[in-house]
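All of the numbers you see were taken from the coordinates with simple rules; none came from a lab. Everything numeric in this text was worked out from a predicted model, so none of it was measured. When we count neighbours, we look across all protein chains shown, and the Cβ atoms used for this are built from the backbone with ideal geometry, even at glycine.
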């Protein structure tokens with residue numbers, strides 16, 4: 001009887017231990033399961049809480065969209081659009097937005113971004129003019145999308161600075177303000193590694209066409225397009241699943257007018273105009289507006305002088321050329337001042353930047 005009692009207690013202990021092992025869940029797994037249910041949590045929150053993103057995304061990839069998207073009918077008289085999947089096949093030099101002017105990484109910002117955006121991430125003038133970006137909730141789950149926190153700049157795993165949707169249930173929409181954009185190029189990302197649909201629209205939301213690109217986490221996929229009529233909107237969405245779409249190196253314009261200034265390349269003295277909001281010399285912001293006229297900007301004219309100065313550098317004439325550069329730019333700004341394009345104070349600001357700039361851009365040996 002004594003042995004039978006001991007045996008009973010032993011079997012009971014083994015049973016309890018086995019039950020404990022079967023039901024044990026690590027805090028990390030439990031935490032991620034809770035997050036999977038609360039799919040309105042932005043990625044920036046996951047980063048701040050130190051969540052293992054690879055595990056999180058692996059579990060999230062099983063979530064499908066709950067509503068099918070409306071089918072877009074292709075009009076009979078639609079304009080032809082061509083897609084390119086290799087940069088070598090798309091020989092076109094376009095101005096590019098690369099999101100290099102950000103102030104904080106992996107931090108949320110409002111769902112709408114353009115040249116006038118004034119937030120803790122971007123300041124007015126940081127984004128190129130003529131283009132806007134927006135994260136739009138395609139499922140109608142407004143409670144799952146905080147519009148004050150809908151976008152962020154991501155650079156994980158050696159990624160460049162990628163503009164990305166902060167929520168799984170949003171599409172990334174790019175719009176072009178002017179009607180002179182017929183070519184667009186970009187690097188595409190999707191953190192859920194799902195297929196990405198790219199739908200293109202023209203004036204009055206005329207549907208131009210669509211394509212699908214397969215993405216892998218942290219790796220870019222190149223895409224370019226060329227249309228026979230203006231491109232006004234590009235909608236980037238995940239195929240089947242909710243996703244975190246991202247873009248970088250957005251080129252836009254016309255292959256016949258690389259800088260979108262309305263002057264065809266063949267007639268443009270500055271086919272790749274410097275379109276910054278202010279005149280910047282060797283990283284020094286003069287605070288002077290970079291005025292555009294006659295197919296060029298003020299910065300273009302200064303750059304022309306700089307190119308000539310650099311071409312004359314021999315390795316031992318730095319100071320001579322530096323003074324020459326200051327002298328030539330001073331002549332240029334005198335005419336700007338005379339024609340009332342700039343004020344006396346602005347001319348002084350440009351002059352100060354010239355003297356403090358490391359021009360020509362070579363090692364000082366003299």
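Just a few scattered comments:
- Extending 7 Å from the Cα toward the beta-carbon at both residue 204 and residue 148 defines two label points whose distance is 4.0 nm.
- Per-residue Cβ neighbour rank within 10 angstrom, fewest leading, 341, 278: 278, 341
- Extension gain, residue 332 to residue 120: 0.36 nm times the residue separation minus the Cα-Cα distance gives 72.7 nm.
- Here r is the Cβ-Cβ distance between residue 229 and residue 311 and R0 is 45 Å; the resulting FRET efficiency, rounded to 0.05, is 0.60.
- Gained length - residue 239 relative to residue 304, 0.36 nm times residue gap less alpha-carbon distance: 18.7 nm
- Sequence-separation-based contact order of the range 269-356, relative, with Cα cut under 8 Å and 6+ spacing, percent: 28 percent
- Enclosed volume per residue, in Å³, of the convex hull spanned by Cα atoms of the range 240-366: 169 Å³
- Once the gyration tensor of the Cα atoms in the range 81-253 is diagonalised, the equivalent ellipsoid follows with semi-axes of 22, 18, 17 Å, ordered largest first.
- Rounded to 0.05, the FRET efficiency of the residue 177 and residue 156 pair, given R0 = 25 Å and the Cβ-Cβ distance, is 0.20.
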